[in-house]
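Only one structure is covered here, and it is reproduced in the block below.
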Amino acid sequence: MIYSLCFLLILIGLYGVLTRQNIIKIVISLLVIEYGIHLFLVLQGYRTGGTPPIVDSSIDKQLWLQQSVDPLPQALVLTSIVIGLGVLALMVALSMRIHERYGTFDIGKIKKLKG
Amino acid sequence: MNNLVPLLVAIPLGVGFLIPLAVRWKPQMAELLSNLALFGLVLLSLSLIGNQTIYHMGGWPTPNGIDLRIDDLSTLMLLTINGLALIVGIYSVVAMQPYTSQHRYYSLLMFLVAGTNGVALTGDLFNLYVFMEITAIASYALVAFSGEDESFEASLKYVVLGGLSSSVILIGISLLYAVTGTLNMTHLASRMSEVGETAPVKFALALFFCGFGLKAALVPFHTWLPDAYPAAPAPISALLSGVVSKVIGVYVLARLLFNVFGINDDMLLLMRWMGGITMVAGGLLAVGQWDIKRLFAYSSISQVGLIVLALGFGTTWGVVGALYHLVNHATFKPLLFLCSGQIETAAGTRDLRQMRGLGRRLPITAGTCMVGSLALAGIPPLNGFWSKLIIVVVGIQTDHTAWAVTVVVMSIVALAYQLKVQQRAFYGTADAPMEKQLPVSESPVLISIPMIVLAIGCIALSLLALSGLEHPLLVGPAADVLMRGVWKP
């Protein structure tokens, strides 16, 4: 159930990318897609009432395996957020430069390229 | 030898960060450091030929840690990437002089190489995604590097579509993790047979086809490419079309399909159709172009289609043809892009209608460009002929005669648009005002050498075919890696 909500978020973002005319709105839609994916990743490691995934010598390994949450997706999401930040910074910088040159954010009016 | 494997990623990454510091000391350090690093990488990849090892990052054993896999296929890719990057690096020394803040260009070039090397080496799905993003971010920035209105527009288009494809690939990766509980490609391959072809696996596969198809610019996902390649500086167009889109698109797709998912007839059918349509559409669109770099960009789309089509035949020899053509394409297409850079500098325009008679002013460019054009069109004895020959014969052998005929027809179309370039750019007599306007200038040595090396490469790579058409040196073992099927732990 909750997984389908993630995909709903992703699809909302996709709709935004495909239909919006404003560059900033397209950038935001891409972020919405990304957040949907992050949520999906984190949910895979989630376990209701789970314990933190920390092992020390006093913990029984078998019991720990049954109780703890999966730490890997959390690490993946952190990495993915950092990558997303890099791409976002680049996209915003490009949008600013385009606004400088063309004086508009409307992709309908930015079309020196064709063919 | 085993311990040297991570250096293939570490050297370019380290040098990339070192360059901004080193230029404070001496501005020439950027060119020097990056070319030295690329030379070292070529030597490293040469030393890896024939090695079959798995390097465990940080000493963690296979299912837990990140693996770097060296086999014949990744060695072939590493040789292609680093060899071409070195040639492009040397060409850049003079070609990038007109641009400001050159050291940033070299840093980005290093990151591009680091990411592409990482993609060729890695044995972990999420790690693959990270390296792919390093490559992608570097190439977005490099496409915008020349700082003209068009290049920002092209780069934005590339960022939005590239970001979308990365997201799609990440959904696929997380779906696979949800189903199998592992990201290690070896472990994933063995878990895949236990899980079977359930709906999430099929969905992930479809997402990979779309995502990597966009990175490789297969029709209908090709729209970013004809804008991005002409907008980038010539050496970057060469590198992007020669290796980057081939490695992060075609290589990864082949690796995942053959070695992780296990190939089946449906996938082969899809690859044949996607590749075939790409080949035809790219070739036909190239004929009508007047912008020389845009023409080469469409021709790039056509050639990547040919490679995917050959993979789709699914026999060992078909894969040999595909990989052989991939390597050949990494010689003649960069050569053509480098020539287009020279033509643009000499003529002051990229429009083929406005240039004439450059052949006498640029004899070396004209000669090497002719070699590249003929190799692309598949004229014997140049390298393009042998790979196309293999692909056509395989097509007939596997009862796909219609596709084989299409390949031959598209080769003739390729000859047509290449001759258009030759005739417009190099032949005829230049108008008097144009002759006076621009001095007769053959390219500087550092620009001529890379072009001559690539032209010799076009001829020399046909020697691979002479070493045995069934099983060429380097390419044959690489094809065997794919055809050995799903990885066993």
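Computed from the coordinates by the stated procedures, all read-outs in this text should not be read as laboratory data. Just so you know, these numbers come straight off a predicted model, no measurement behind them. Cβ coordinates were reconstructed from backbone atoms using ideal geometry, including for glycine residues, and neighbour counts include every protein chain displayed.
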Sites B:Ser467 and A:Tyr35, calculated FRET efficiency, Cβ-Cβ separation with R0 51 Å, nearest 0.05: 0.45
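Do you know the relative contact order of chain A, to the nearest whole percent, from alpha carbon pairs under 8 angstrom that are 6+ apart?
Working: 104 pairs, mean separation 30.8, N = 115.
It rounds to 27 percent for chain A.
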Average partner coverage of B:161-171, which counts Cβ from other chains inside 10 Å: 6
Mean projection area, nm², convex hull over Cα of the protein assembly as shown: 27.9
Under 5 Å, built H, 5+ apart or other chain: amide partners of A:Ile59: none
Radius of gyration and maximum dimension Dmax of chain B, Cα, Å: 21.5, 74
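Find the relative contact order for chain B and round it to a whole percent, using C-alpha pairs within less than 8 Å whose residues are 6+ positions apart.
Details: 831 pairs, mean separation 76.4, N = 489.
Across chain B, relative contact order equals 16 percent.
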Spin-label pair B:Ile379/B:Phe203, simplified geometry with 7 Å Cα→Cβ offset, distance in nm: 5.3
Aspartates and glutamates whose Cα lies under 18 Å from that of A:Lys25, excluding same-chain neighbours fewer than 8 positions away: A:Glu34, A:Glu100, A:Asp106, B:Glu153
Relative contact order %, region B:277-326, counting alpha carbon pairs below 8 Å whose residues are six or more apart: 32
Karplus 3J(HN,Hα) series, Hz, for region B:175-180 with 6.51 cos²θ - 1.76 cosθ + 1.60 (x for Gly, Pro): 5, 4, 5, 4, 7, 9
Residue with peak Gaussian network fluctuation, chain A [Cα springs, cutoff 10 Å], from A:Val92, A:Val69, A:Val55: A:Val55
Most fluctuating residue given options A:Leu14, A:Leu41, A:Leu94, as computed from a GNM of chain A linking Cα atoms under 10 Å: A:Leu94
Karplus-derived 3J(HN,Hα), 6.51/-1.76/1.60, for each residue of region B:408-413, Hz, glycine and proline x: 5, 4, 5, 5, 5, 4
Per-residue HN-Hα couplings for region B:453-466 [Karplus 6.51, -1.76, 1.60; θ = phi - 60°; Hz; x = Gly/Pro]: 4, 5, 5, 5, x, 4, 7, 5, 5, 6, 5, 4, 5, 5
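Determine the alpha carbon to alpha carbon distance for each of A:Lys111/B:Lys157; A:Lys111/B:Lys246; B:Lys157/B:Lys215; B:Lys388/B:Lys420; B:Lys293/B:Lys420; B:Lys333/B:Lys388 and list only those over 19 Å. List each step's numbers first, then the result.
Values: A:Lys111/B:Lys157 11 Å; A:Lys111/B:Lys246 28 Å; B:Lys157/B:Lys215 13 Å; B:Lys388/B:Lys420 21 Å; B:Lys293/B:Lys420 13 Å; B:Lys333/B:Lys388 15 Å.
From the list (A:Lys111/B:Lys157; A:Lys111/B:Lys246; B:Lys157/B:Lys215; B:Lys388/B:Lys420; B:Lys293/B:Lys420; B:Lys333/B:Lys388), the Cα-Cα distance tops 19 Å for A:Lys111/B:Lys246; B:Lys388/B:Lys420.
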For chain A, built as a Gaussian network whose Cα springs stay under 10 Å, the top-fluctuating residue of A:Ile26, A:Ile98, A:Ile37: A:Ile98
Alpha-carbon centroids, region A:38-115 and region B:132-199: separation in whole Å: 13
Computed FRET value (nearest 0.05) for A:Ser57 with A:Ile2, which takes r as the C-beta separation and R₀ as 51 Å: 0.90
